[in-house]
Amino acid sequence: MDPISQETNNGKGELITFTYSSTITLGLIFLPYISETEIRSAWLKVVLAVFPYFLLMYLINKVIKKHGEQDILGLFKQKSYKIFYYPVVLYLLFGTFYASLTGTKSLSIIVQTYLLQDTDQAVIIVAFLLVAFLGLLYGIRTITRMLVLSFLLEVAIVFSLSFIILSEDFRWINLAPVFSTDILTFGRSILSDMSRYGGVVTLLAFLPYVNKSVNIFKATSLGLLLVMYSYFVVCFTALGIFGFEQAMNFLSPATALIQATSARTGILERMDLFFLSIWIMSFYKIALIHFWFGTFLMNRIIKVKPKREWIHVCIFVALIAAISLSTPSLINFSWEPFNLNTLFYSLVVPMILVSYLLIRSKKGAGTGGDM
Amino acid sequence: MGTCKKTVFCVLLISLICLTGCNTDSKEIDERTIIVGMGIDKNEEGQFIVSIQVPVIVSGGQQGGEEGLVSEFETLSSTHNTVWEAIANLEAQTPTILFFGQLKSIMIGERLAKEGIEQVMDVLDRRAPLSNDVLLLVVREKGEVREFLKNETQLVNLPALYIDRFFTAEQKLSRTDDVKLFEYRRDRNMISNAATIPLAFYDINTVIEDMAVFKNGKMEGELIGKEAGISGLLKERKMENINYTVTIEGEGRSLEASIRANMDLSYSFTETNPVKIHLEATGKGELVHLETHKDRASEETIDELHKKLEENIKKDIDNTITKMKGINVEPWLIGHRIWSKNYAYFETLNWNETGWKDAQIDVNVNVEMEQTGQRILPEKIKLGR
Amino acid sequence: MVFKKKQKKISEVLSYDEYLSGIYDANAPLPADLDQAKQLFKTAFSNSFDFTEREFTLPGGKEVYLCFISAMISENKLEYSVIEPLLKNSGNIKLQRAADFGSILTIAEFEKADSWKTTVRNLLDGNILLYAEYCDPIILYLAEPLERSLTDPTTENQVYGPKIGFIENQHSNVGILRQFIKDPRLKTKEYRLGEVSNTGVSLVYLEQYCEPSVVKHVDQLLNSYDKDHLITAGELNKYISRHPNSIFPQVTMSERPDVAAYSLLQGKVVLFIDNFTFSVIAPITFMDMLETTEDHTYFVPWNLAFIRILRLICLVIGTTLPALYVSLVAYQPEMIPTELMISVAQSRAQIPLPANAEAFLMMFALDVLVEASMRLPSFVGQTIGIVGGLVIGTAAVEAGLISNIMVIIIAFTAVAMFTLPSWEYVSSWRIVRYGLVASAAALGLYGFVLAIGFLYMHLSKLDSLNKSYLYPISPFYPRQILNFFKPRK
């Protein structure tokens, strides 16, 4: 019926948006101070934590240039044995599933805390997954367009947070001292914050849909830089406004920040709820990205015709629904295992994968094999 | 595409309808008791008295038009051993559910404040619908909190809204300052664990002035009148529009002059034990009133004026510091500054026990007179007839 | 993908070909025997009073047979350019091949009739069959379609702009467009769609302006049209829309040649359909629906920018305001400023209905009013407006059924929505509004945001002739967006 094939015409803008949207949501709403142990200078941590991901992007770019192929996973399948390939994909799938589950769970916590106090978590999760399921059926092309559509609004909000630094409630004195721990503790603390950038692993699946002419390293780093800046602004202002001791106690410091600093008189009294509403949209987007990544990986394990892809979508969403509904609603979520797993599946595994591919080629002998 | 999409939409529709049916969060405005102000106090038996102020919603008069907008309010109160139980009791007194989302100000009784407000703060902190920028206020013991809430204020008909407007307008900052819930929490968590909350009382009119000083959640003292302004200067290192009236000798008689000053402040300290703190207050003064029109602000007058002003400010700062030293409370983040700059040194000071009490503070005030009135310039000399 | 267009099969019995083949082999040339041919036409057009035949004998003794449909031909021309020359001059010329008639007949265009099927088609188009004994049968193009003269466009009111509108004949409409764009790159293609209606459709586009892929796409779509009729443009619109079940229109229509010409210059294609006074314009995007050509008559560019921003805001307000009201009043009243909240509470104090029921009721009432007054003559329409707006609105408030804030909201919603130039578009967003209120009623702000999210997804999914519906917002072309609000010279 359609004479023109569905071309993959994702350019630079789409790639930046995808990178940004794939990881910003969870990272920002629970920023800063979400693990059990925290140090004061979270803003420094988020700035430093991004660098390994730059390295990853750089390596990915190198691999693509070397092999002339943007499908990293497909390349890996070609160049290695099935015995390695399937476990890696399976692990990535598990990681994605875990991340999606955490995302869904934390959405329900946020909504229950701020918007619908008396509503059962089942209602919140089912409504969310239903809408996400419908969105997923539309496919990656639609998802990408939708990301672009709401990207600007999100960035505008985050950037407007920068102006909080000028507010009179902001106290520079709260920032000091920058270093209050030894380097080792600091380094360990950074590891947990790296998981905030973990969503970019979905790029592995998105890159094949990007135009060959796009400079992947440039675009993804720009996306990462935007994410880093957003995190930095929130960490920095939260610390300046609330001080370390109080900021640590919040469920969502970013929300509290907007609550505390928004003008009291306006069309809307509580800007934090407005922010939350926009952030629910962000949750929706990240869910679409990760669920799609999950189904993409499932498709790599059990190949189906495009017509039957909805089966994968159904299975993935149904599993998320089943597990998130069968766990208790308001738990003191343990972030430690999640952070470690995210770090491993989003950074270590892709790093190894990419390094392996670099070694496999004729020229480049392990440019970045060490972590 | 038809059938697949249709089924999907049917599922969506059915679930939507189901969701609507059983949603307990859907509470219309008229099913909520809008709390705009809340007062918490303790009685002699140690029980909490919680009072809430709610506007009485009557449908706008048909003919009256604008009259319908003038709303009355009702103050309900209840006594119980814990705050939460008292609130629950209040809910039993109203036909609808209590709604804290619009709470603007929380008034704490002086008795409770003196016994400690930590327990109350925890209840407030855990309630998500409650914004963290509600205003805090301590009501002086001479009137009960409940009575304070009941009193109709001038100009604004809801007392709780009056407080909100009072602070939103950012007036009279040199006498008191607004403190929001999160600001209190923040200051209380700083190194010296001290925070301030504005004081208010009712006496014919609602008066909001002076600041109560808290340490570890207990009210320890007060900053009265100018002290509140000076305290603001010491804390924020900046204060605008402090008013001073000084009397000087000029042209053979004593002249009274009013001066408004905008002050800035800087800290530095020498690492000795006890610590030596240097305060450098600089500012710009503006002459707002000089006895009569005829009295010209000559060089000498101005010179003398600002000398006098500097003296006065220095005296006030000294007084304020001495007062706080007297109760061993340091609500101005001075300790925090030392702590963040040199932690090892700070440890040697034993700040909260003796460090602050023993600190030697020298104050240096420097004010420049910048303006001698805005609209008139009486300095000109008339020649001829 | 999951959602895909299915091909429909039409019933064999209704086929035009089948019907003709039942009489004579549809693709075979007309029988050489004149009497047999006459019999064929008599059978095919039996029971049709407007089917006319005329027979006469030429001076040379040849028998001639003419047949046509009476109301559709130019009888004058038939008389003076065909019958008269034949009777007068045919004596000296030997008539056998179709070309031989050229030296006798004085008409502009004729052709040899090749098959039984095309001959009947031609007759139905208002042409004339001339069949002389022992000669090739020929078709005389003397159709005179029944059409009116050019008049004002009646549905699209305008202040500044040309005062002619399209008419029911596609050929004339193409001619009108030619007057607006005098360039050989203006290309036209003609199609015959529908087995029964055999409607003429012309595709007009401007080469080098329009993407070839779009033309190719439309071309293929039109060539594969398989319904048996095409009476109104709506059928065609549904057919060329990729997502016919979507609530958003993916093509638009206009009666005004300036709009069509402007669209051509924007790289769009224009379709004309016989017996339909509107041109179909495609592909269109979300932003296109906010503009009218009239915008370009503003000579202060900021006026145009203002009016378009205004429309965009009105679109958002008109769609979301009731849902926002419901979610704020019923779920998140902490977001409303205190003073406003107290006055909302006062206005709602004695209302028995919950806010969502109130919103549904009022929205429904509004749509009923609009629908009721739409097709009535203007003087009755006004009465309905007064009765509906004033009497029902005010009375409902006074009776304590509806709060007056709700009335304000619905009224503002309605007014805001009507700033959009396309009625079809307004109707689409009206349906969206119900959906949003439903989701806001179910889950408050959360449900509202989820619904908006899905709406975003749906809009992103839409294509109009392979062009993203959200172009130029997504894919993002900042310069195009700026250009939309303030066109460059």
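Things to note:
- Leading residue by the ranking (most open to solvent (accessible area, probe 1.4 Å)) among those in the stretch C:453-472 that are assigned to a helix (DSSP H, G or I) and facing chain A (nearest Cβ under 7 Å): C:Tyr456
- Residue within the stretch A:108-131 that is without any contact (Cβ under 8 Å) to a residue 24 or more places away in the chain and under 30 Å from C:Tyr471 (Cβ atoms) present: yes
- Filtered residues of the stretch C:343-364 (kept if away from chain B (no Cβ under 14 Å) and crowded, with 17+ Cβ neighbours inside 10 Å): C:Met362, C:Met363
- Here C:Ala305 passes the criteria (1) part of a loop (DSSP other than H, G, I, E, B); (2) touching a residue at least 60 places away in the same chain (Cβ under 8 Å) except the one numbered (1).
- Residue that is surrounded by the fewest Cβ atoms within 10 Å (Cβ to Cβ) [pool: residues in the stretch B:196-243 that are at pLDDT below 85 and of a type in the set (Phe, Trp, Tyr)]: B:Phe201
- Of the helices (runs of 4 or more DSSP H) lying entirely inside the stretch B:78-136, those carrying at least 2 residues that are modelled with pLDDT of 85 or more and under 29 Å from C:Leu340 (Cα atoms) are B:83-93.
- Of the criteria (1) open to solvent by less than 60 Å² (accessible area, probe 1.4 Å); (2) within 13 Å of chain B (Cβ to nearest Cβ), which one C:Leu315 fails: (2)
- The stretch C:56-105 - residue that is under 43 Å from the mean Cα position of the chain (by Cα) and not in a helix (DSSP H, G or I) and, of those, nearest to C:Tyr134 (Cα to Cα): C:Tyr65
- Whichever residue in the stretch C:239-276 is modelled with pLDDT of 85 or more and among the charged types (D, E, K, R) and, among such residues, is farthest from C:Arg192 (Cα to Cα): C:Asp258
- For C:His296, the conditions (1) surrounded by fewer than 20 Cβ atoms within 10 Å (Cβ to Cβ); (2) more than 23 Å from C:Thr154 (Cβ to Cβ) all hold with the exception of (2).
- Answer residue from the stretch A:114-137, given it is within 9 Å of chain C (Cβ to nearest Cβ) and surrounded by fewer than 21 Cβ atoms within 10 Å (Cβ to Cβ) and is farthest from A:Gly223 (Cα to Cα) among those: A:Leu130
- There is at least one residue in the stretch A:33-40 that is part of a loop (DSSP other than H, G, I, E, B), farther than 22 Å from C:Tyr446 by Cα, at pLDDT below 90 and among the aromatic types (Phe, Trp, Tyr).
- Checklist (1) assigned to a helix (DSSP H, G or I); (2) in contact (Cβ under 8 Å) with a residue 40 or more places away in the chain; (3) under 28 Å from C:Lys467 (Cα atoms) applied to C:Leu328, failing item: (3)
- Flag if A:Arg196 is closer than 30 Å to C:Ile473 by Cβ, basic (Lys, Arg) and open to solvent by 10 Å² or more (accessible area, probe 1.4 Å): yes
- Considering only residues in the stretch A:148-170 that are part of a loop (DSSP other than H, G, I, E, B) and more than 8 Å from every other protein chain (Cβ to nearest Cβ), the one that is surrounded by the most Cβ atoms within 10 Å (Cβ to Cβ) turns out to be A:Phe170.
- Check on C:Val370, crowded, with 17+ Cβ neighbours inside 10 Å, part of a helix (DSSP H, G or I) and β-branched (Val, Ile, Thr): yes
- Among the candidates C:Thr277, C:Thr383, C:Thr320, residue that is open to solvent by 10 Å² or more (accessible area, probe 1.4 Å), more than 14 Å from every other protein chain (Cβ to nearest Cβ) and in contact (Cβ under 8 Å) with a residue 60 or more places away in the chain: C:Thr277
- One residue from C:Val449, C:Val432 being part of a helix (DSSP H, G or I), under 23 Å from C:Ile336 (Cβ atoms) and not acidic (Asp, Glu): C:Val449
- Residues satisfying the stated conditions in the stretch A:318-339, i.e. modelled with pLDDT of 85 or more, surrounded by fewer than 22 Cβ atoms within 10 Å (Cβ to Cβ) and within 28 Å of A:Phe76 (Cβ to Cβ): A:Leu319
- Of the strands (runs of 3 or more DSSP E) lying entirely inside the stretch B:223-340, those containing at least 1 residues that are in the same structural domain as B:Asn366 (by TED's automatic domain parsing) and among the aromatic types (Phe, Trp, Tyr) are B:238-250, B:253-270.
- A:Arg270 being more than 10 Å from every other protein chain (Cβ to nearest Cβ) and at pLDDT below 90: no
- Among the residues making up the stretch A:138-147, none is in contact with an Asp or Glu (Cβ under 9 Å, 6 or more places away or on another chain), open to solvent by 10 Å² or more (accessible area, probe 1.4 Å) and among the hydrophobic types (A, V, I, L, M, F, W, C).
- Residue pairs meeting the criteria (Cβ under 7 Å; at least 6 apart or on separate chains; first in contact (Cβ under 8 Å) with a residue 60 or more places away in the chain, in the stretch B:129-151; second among the polar types (S, T, N, Q) and open to solvent by 10 Å² or more (accessible area, probe 1.4 Å)): B:Arg146/B:Thr75; B:Arg146/B:Ser77; B:Leu149/B:Thr75; B:Lys150/B:Thr75
- Filter result for the condition that a residue is over 30 Å from C:Pro249 (Cβ atoms) and touching a helix residue (DSSP H, G or I) at 6+ places or on another chain (Cβ under 8 Å), over C:Ser403, C:Ser373, C:Ser422: C:Ser403
The values are calculated or read from the model by the stated rules, or taken from the named source; none is laboratory data. Fair warning: this is a prediction, and the values are worked out from it, not measured in the lab. Here the Cβ is made from the backbone with ideal geometry for all residues, glycine too, and neighbour counts use every protein chain on show. What goes into the accessible areas is simple: the full protein's heavy atoms, side chains included, and nothing from ligands, DNA or RNA. Shrake-Rupley method; radii C 1.70, N 1.55, O 1.52, S 1.80 Å.
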